[in-house]
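None of the figures in this text is laboratory data; all of them are computed from the coordinates on show. These numbers come from a predicted model, not from an experiment. Here the Cβ is made from the backbone with ideal geometry for all residues, glycine too, and neighbour counts use every protein chain on show.
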Amino acid sequence: MVRQIELSPDIRVVYASEPEEVFREIASGSCVITSCNVPGAAGYVETLEDFLDLNDDYVTKIYDRFVGRQHVVDTLTVGDITFTLKEMCENDYEEWMILMEDGGELLFDEEDRAASVADIEKYKRASVEERAAHKRMFGKFLRERFDLFDMGSWGIYTNNRLIGFITISYTEQGIYLGYCVHSDYRRRGVGSAAAGRMLRYAREELGVGEIFLGCSEHNAASIAMARVLGFRPYRYEGESYTFVNHKM
């Protein structure tokens, strides 16, 4: 069975229920949502009824990912800074590495920081071909996270520059929020505004009812930001706090 949703002449998403139909539609260049376990589909649902119940925003988001367009969540202004929140993509790789070198990941513990430094040094020594391969792997990683759980990394962009990102990640221990802001934009309200907007997105668009956040006990700024966002202490171990937000 093949059905379609057409939001405009440019946005057409197809539902296919049988593997051979999925393969045929993918081969024809269609953006396919399916209820069967076939790789290469743009999205997955349980039944045809679920497909027909999809709202226009979700269908547009699936199509944007299919054509490689970054789906925009919102544009916000904090003081004199206007920034856009949208899904990260492969082309963000170089600026993402700059963020890592800047030390922008507020949630790193010492072990993570050491691993990050090693990755940065490896990147600096890499050839053009190796960097291109790393960039493709980065893009593949981002796409797979969005495809599997509708969760991943959303960039914070101002003047077309990546200045930070928000992550919402599915783990065996629960769903976690992470955030990163370049040092040029810290203590200016960007991180808390972006993270607060993505918490609302997680609740309204992803159906998340509880979310966790972890950080080092030495990171006073991150602890303060967690409390501002409504997080409360959940557990403490190995010099790290885990906070939880039940008010989703």
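A few notes on this one:
- Spatially close Lys pairs in the chain, defined by Cα atoms under 29 Å apart and a spacing of eight or more places or different chains, total 13.
- The dipole here belongs to region 72-245: it is taken about the Cα centre, uses +1 on the Cβ of Lys and Arg and -1 on the Cβ of Asp and Glu, and is about 420 debye.
- Taking Cys31, Cys180, Cys89 and counting other C-beta atoms within 10 Å, the order from fewest to most: Cys89, Cys31, Cys180
- Database remark: amide H of Val73 closer than 5 angstrom to the amide H of Leu85, Lys86, Glu87 (H placed geometrically; neighbours at sequence offset of 5 or more, or on other chains; Pro and chain starts carry no H).
- Residue among Gly152, Gly29, Gly230 with the largest mean-square fluctuation in a Gaussian network model of the chain, springs linking Cα atoms under 10 Å: Gly29
- Listed residues Glu217, Glu20, Glu101, most fluctuating in the chain (Gaussian network, C-alpha, under 10 Å): Glu20
- Over the residues of the chain, the helix contribution to mean residue ellipticity at 222 nm works out to -12000 deg cm²/dmol, using -39500 (n - 2.57) for each DSSP H run of at least 4.
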